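A short worksheet on the structure shown next.
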Amino acid sequence: MNIPRTLWNLWQLKRNEKMTLHQMHAFQQVKLRKMLRHAYAYSDYYRKTFEKAGITAKNLDTTPLSHFPTMDKSALLKHFDELVTMPGLRQEELRRFDEQETIGRKPFLGEYHVVHSSGSTGKPGYFVYDEKAWSSMLLGILRGALWGMSMPQILKLLAGKPRILYIAATDGRYGGAMAVGDGIDGVGSASFIWIFKRRFLNGYARFRSSAPISSSDILPRSKFLRNLRKTAMSP
């Protein structure tokens, strides 16, 4: 990511925080309808399911969101090839790429960032981003991590070249682990990733942090101690 461009785009994104509730709803509607029109125009699956629900190009902009068909993981896996809006993307090719290529930032077909779910319910679901979508997603993560800070405060923080520790599972193309390196690079910070492949930590790691941020649920102390006892009793 280009650092000046990332900071410029972050500043533009943070301006939205000053919108009134009415302005935000109007802005969201514009974005939503643009996305729905794109899906209708370029995805065979969405066009068929929309029309089956009585939604056509004529009423696409006025139909309440609650009238649109929903999506679940099983449908995503079953209809992936006809669901995606970019021609040439095939789920089996993504699986081969995931299996054959070393986990890293190498893009699929030279232009797509690929992440997947954990596969805990069976096969993992794949999610594909082009460069523009990837950058937009990273900006959202950065804004969330720096929430409540003004741009002058952010620039002051980054000028100090902060070190960022990220704890994540790195045995797969998980969204957080794949994105964090690009996001940290995008603001010019130093970082290191703690590889976390176990289900829980065997004790508390000690770090002095000025701004801890969690992207997951906090593990209750009682559950942590219960897991710790199980670990102590295991061979």
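The values are calculated or read from the model by the stated rules, or taken from the named source; none is laboratory data. Just so you know, these numbers come straight off a predicted model, no measurement behind them. Backbone-built Cβ (ideal geometry, glycine too); neighbour counts: all protein chains shown.
Just a few scattered comments:
- Selection count, segment 1-46, where residues are touching a helix residue (DSSP H, G or I) at 6+ places or on another chain (Cβ under 9 Å) and β-branched (Val, Ile, Thr): 2
- Residue match in segment 129-136 (condition: closer than 19 Å to residue 175 by Cβ, aliphatic (A, V, I, L, M) and in contact with a Phe, Trp or Tyr (Cβ under 9 Å, 6 or more places away or on another chain)): no
- Checklist (1) touching a Leu at 6+ places or on another chain (Cβ under 9 Å); (2) in contact (Cβ under 8 Å) with a residue 12 or more places away in the chain; (3) surrounded by 16 or more Cβ atoms within 10 Å (Cβ to Cβ) applied to residue 63, failing item: (2)
Conditions tested, residue by residue: (1) under 13 Å from the mean Cα position of the chain (by Cα); (2) modelled with pLDDT of 70 or more; (3) surrounded by 14 or more Cβ atoms within 10 Å (Cβ to Cβ).
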| position | (1), (2), (3) |
| --- | --- |
| 129 | yes, yes, yes |
| 163 | no, yes, no |
| 176 | yes, yes, yes |
| 186 | no, no, yes |
| 194 | no, no, no |
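- Residues that are modelled with pLDDT under 95 and more than 23 Å from residue 28 (Cα to Cα) within segment 46-81 comprise 73, 74, 75, 76, 77, 78, 79, 80, 81, listed in sequence order.
- Selected residue (only one of 120, 135 is among the polar types (S, T, N, Q), in a helix (DSSP H, G or I) and modelled with pLDDT of 70 or more): 135
- Subset of segment 102-120 [touching a helix residue (DSSP H, G or I) at 6+ places or on another chain (Cβ under 9 Å) and hydroxyl-bearing (Ser, Thr, Tyr)]: 112, 117
- Considering residues of segment 85-98 that are under 21 Å from the mean Cα position of the chain (by Cα) and not in a loop (DSSP other than H, G, I, E, B) only, the residue surrounded by the most Cβ atoms within 10 Å (Cβ to Cβ): 94
- Any hit, segment 11-22, residues being surrounded by 12 or more Cβ atoms within 10 Å (Cβ to Cβ), without any contact (Cβ under 8 Å) to a residue 40 or more places away in the chain, aliphatic (A, V, I, L, M) and assigned to a helix (DSSP H, G or I): no
- In segment 134-159, residue surrounded by the fewest Cβ atoms within 10 Å (Cβ to Cβ) [restricted to those that are over 10 Å from the mean Cα position of the chain (by Cα), of a type in the set (Gly, Ala, Ser) and within 20 Å of residue 177 (Cβ to Cβ)]: 144
- Some residue of segment 62-84 being touching a strand residue (DSSP E or B) at 6+ places or on another chain (Cβ under 8 Å) and part of a strand (DSSP E or B): no
- Test: residue 162 is touching a His at 6+ places or on another chain (Cβ under 7 Å) and either under 20 Å from residue 177 (Cβ atoms) or of a type in the set (A, V, I, L, M) (or both): no
- Scanning segment 45-97 for residues that are among the polar types (S, T, N, Q) and under 21 Å from residue 34 (Cβ atoms) yields 49, 56, 59, 62, 63, 66, 70, 85.
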